[in-house]
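The values are calculated or read from the model by the stated rules, or taken from the named source; none is laboratory data. None of the values given here were measured: they were computed from a predicted structure. Every residue, glycine as well, gets a Cβ built from its backbone with ideal geometry; the counts of neighbours run over all protein chains shown. For the accessible areas, the whole protein counts, side chains as well, though only heavy atoms, and no ligand, DNA or RNA atoms are used. Shrake-Rupley method; radii C 1.70, N 1.55, O 1.52, S 1.80 Å.
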Amino acid sequence: MLRYLTAGESHGPQLTAIIEGLPAGLKISEETINVDLARRQGGYGRGGRMLIEKDEVQILSGVRWGETIGSPVTLCVVNRDWVNWQEKMSPHERHRDEKIRVTRSRPGHADLPGAMKYNHRDVRNILERSSARETAVRVAVGSVARAFLDAFGITVSGFVVELGGIRAERRGLSSDRLRELAAKSELATYDPGAEERMKAFIDSVKEAGDTAGGVVEVVVSGVPVGLGSHVQWDRKLDARLALAVMSIQAIKGVEMGLGFETARRPGSQVHDEIYYDSTRIARGEGAGFFRKTNNAGGIEGGITNGEEIVIRAAMKPIPTLYKPLRSVDMLTKESFEATVERSDVCAVPAAAVVAESVVAIEVANAFLEKFGGDSLAEVRRNYDGYIDYLRSF
Ligand SMILES: Cc1cc2nc3c(=O)[nH]c(=O)nc-3n(C[C@H](O)[C@H](O)[C@H](O)COP(=O)(O)O)c2cc1C
């Protein structure tokens, strides 16, 4: 089983993750992880923080000479802004300074419920950890998970598919082509026409001191039949993916395949009929069973069915607005309008990279549950044996 924890505050010295359960023999490099960290930082509509932080990962344990050795892998992303926060975020009692307390909670953030829950009179004790800065190190973990999946021909891609009510059209293109187009897009979208209109929308909300949300989609290609299970609620892969994606800051809705649209259609227009073609086995496509549609999004009864996994998530607009929102000071109980120094106007492209990362982690986890071994060679033996078995099914 693959598991991980993250630690670290937004303006603390660093973000850290410890990953356990990676087999030995997996190639990992800081350079590859840094490519994904840069993707998370980019995208049209980001704010000032992204200019300060050029994220780079350090691998601190579990990897020797470019390969995992089976022990826990520690990843660290330094916060470059730390130099300006050493006393304000110091662990030492001698640096306590009540004058810099933040007592004004921002709507749409963990600030007020967090302060009430943890008995803090300084919102900073909450906002530092609830900040989406934490996603930097989750993307680093996701990058490692993707390196693992890549060894088995599984690709995980995140796209922006809707922003400001403007939808990207797939136009019958293959997933490979969609990936190529999205890689060139400042909005991680595969429809250049829609991208222009989405950018104009971001410009207009920025002009109005407002913010924008949108919909991201993650597509996983090359997944074998049989990841996840129907036998217990917490083994269903769709449920686990939904938890992982919903855990991303600002995600407010998750759907698999046709998702909410299934509720609007009759069954005959929802369920993916089953076909069989023995020549698919000879062409190396695993079993001969296939579907002509993928409304289920690649998972039936909590188990992958061999089609692409398709999961979408709705991101709410960034809650920190230049146009102030009303709130109440925690101490004085006086009403005020929350002001902003710097914030993202739109972080949907970054959320697509984060969603891609958490999906990769869950799929890698399910893969290791099914084919688990202590070394990559052992996992491969288990996987190859299963694929051979599927051919004769
Ligand atoms: C990649 C990413 C970047 C974000 N950037 C900001 C930001 O600059 N300003 C902000 O107020 N919220 C930002 N958010 C959203 C907040 O972190 C989030 O809404 C808040 O922590 C409350 O959590 P909830 O929306 O899940 O309830 C960002 C979210 C993500 C995924």
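State all residues of region 223-239 that are surrounded by 15 or more Cβ atoms within 10 Å (Cβ to Cβ) and part of a loop (DSSP other than H, G, I, E, B); if no residue qualifies, say none. Residues satisfying the conditions are V223, P224, V225, G226, L227, G228, S229, K236. Take region 197-209 and flag every residue that is open to solvent by less than 20 Å² (accessible area, probe 1.4 Å) and under 16 Å from F159 (Cβ atoms). Residue satisfying the conditions is M198 alone.
Of the residues that make up region 345-353, is at least one modelled with pLDDT of 95 or more, in a helix (DSSP H, G or I), open to solvent by 20 Å² or more (accessible area, probe 1.4 Å) and touching a helix residue (DSSP H, G or I) at 6+ places or on another chain (Cβ under 7 Å)? Scanning region 345-353 turns up no residue that is modelled with pLDDT of 95 or more, in a helix (DSSP H, G or I), open to solvent by 20 Å² or more (accessible area, probe 1.4 Å) and touching a helix residue (DSSP H, G or I) at 6+ places or on another chain (Cβ under 7 Å). Exactly one residue among K27, K99, K117 is open to solvent by 90 Å² or more (accessible area, probe 1.4 Å) and within 16 Å of the ligand (Cβ to nearest atom), and that residue is K117. The residues listed here are I28, I69; of these, the one that is over 18 Å from V353 (Cα atoms) and over 20 Å from the mean Cα position of the chain (by Cα) is I69. Quick one: is I361 within 23 Å of the chain's Cα centre (by Cα) and not hydroxyl-bearing (S, T, Y)? Yes; evaluated as a whole, the condition is true for this residue.
Count of region 120-131 residues, restricted to those that are among the β-branched types (V, I, T) and either open to solvent by 90 Å² or more (accessible area, probe 1.4 Å) or in a helix (DSSP H, G or I) (or both), is 1. Considering region 76-96, the residues that are outside any loop (DSSP other than H, G, I, E, B) and within 27 Å of the chain's Cα centre (by Cα) include one that is surrounded by the most Cβ atoms within 10 Å (Cβ to Cβ), namely V77. One residue stands out among those in region 59-79 that are polar (S, T, N, Q) and in contact with a helix residue (DSSP H, G or I) (Cβ under 9 Å, 6 or more places away or on another chain): the one that is nearest to V141 (Cα to Cα), which is T68.
Conditions (1) in a loop (DSSP other than H, G, I, E, B); (2) more than 25 Å from T293 (Cα to Cα); (3) open to solvent by less than 50 Å² (accessible area, probe 1.4 Å), marked per residue:
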site: V141; (1), (2), (3): no, yes, yes
site: L149; (1), (2), (3): no, no, yes
site: F152; (1), (2), (3): yes, no, yes
site: V161; (1), (2), (3): no, no, yes
site: R171; (1), (2), (3): yes, no, no
site: A188; (1), (2), (3): yes, no, yes
site: E195; (1), (2), (3): no, yes, yes
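In the set T293, T332, only one residue is modelled with pLDDT of 90 or more, in a loop (DSSP other than H, G, I, E, B) and either within 29 Å of the chain's Cα centre (by Cα) or within 18 Å of V220 (Cα to Cα) (or both); that residue is T293. Just so you know, in region 325-383 the residues that are over 25 Å from E134 (Cβ atoms) and among the acidic types (D, E) include one that is farthest from the ligand (Cβ to nearest atom), and it is E378. Would you be able to tell me the number of residues in region 240-290 that are closer than 30 Å to V353 by Cα and either within 16 Å of the ligand (Cβ to nearest atom) or part of a loop (DSSP other than H, G, I, E, B) (or both)? Residues flagged as closer than 30 Å to V353 by Cα and either within 16 Å of the ligand (Cβ to nearest atom) or part of a loop (DSSP other than H, G, I, E, B) (or both) within region 240-290 amount to 20. Does R177 meet the test of being open to solvent by 50 Å² or more (accessible area, probe 1.4 Å), over 13 Å from P349 (Cα atoms) and either in a strand (DSSP E or B) or among the basic types (K, R) (or both)? In short, yes.
From the set of residues in region 102-113 that are in contact (Cβ under 8 Å) with a residue 60 or more places away in the chain and within 14 Å of the ligand (Cβ to nearest atom), which is surrounded by the fewest Cβ atoms within 10 Å (Cβ to Cβ)? Going through the qualifying residues, I end up with P107. Do we find a residue being farther than 28 Å from A17 by Cα, open to solvent by 40 Å² or more (accessible area, probe 1.4 Å), under 28 Å from the mean Cα position of the chain (by Cα) and within 16 Å of the ligand (Cβ to nearest atom) anywhere in region 312-322? Yes, because at least one residue in region 312-322 is farther than 28 Å from A17 by Cα, open to solvent by 40 Å² or more (accessible area, probe 1.4 Å), under 28 Å from the mean Cα position of the chain (by Cα) and within 16 Å of the ligand (Cβ to nearest atom). Would it be correct to say that A145 is crowded, with 20+ Cβ neighbours inside 10 Å and away from the ligand (no atom under 13 Å from the Cβ)? Considered against the rule, which asks whether it is crowded, with 20+ Cβ neighbours inside 10 Å and away from the ligand (no atom under 13 Å from the Cβ), A145 comes out as yes. Sort out which residues of region 120-135 are within 24 Å of G47 (Cα to Cα) and more than 9 Å from the ligand (Cβ to nearest atom), and write them in order of number. Of everything in region 120-135, those that are within 24 Å of G47 (Cα to Cα) and more than 9 Å from the ligand (Cβ to nearest atom) turn out to be V123, R124, N125, I126, E128, R129.
Of the strands (runs of 3 or more DSSP E) contained entirely in region 1-61, those carrying at least 1 residues that are in contact with a Phe, Trp or Tyr (Cβ under 6 Å, 6 or more places away or on another chain) and among the small types (G, A, S) fall at 14-20. Residue check: A250 meets all listed conditions (1) exposed (fewer than 12 other Cβ atoms within 10 Å of the Cβ); (2) touching a helix residue (DSSP H, G or I) at 6+ places or on another chain (Cβ under 9 Å) but one, namely (1).
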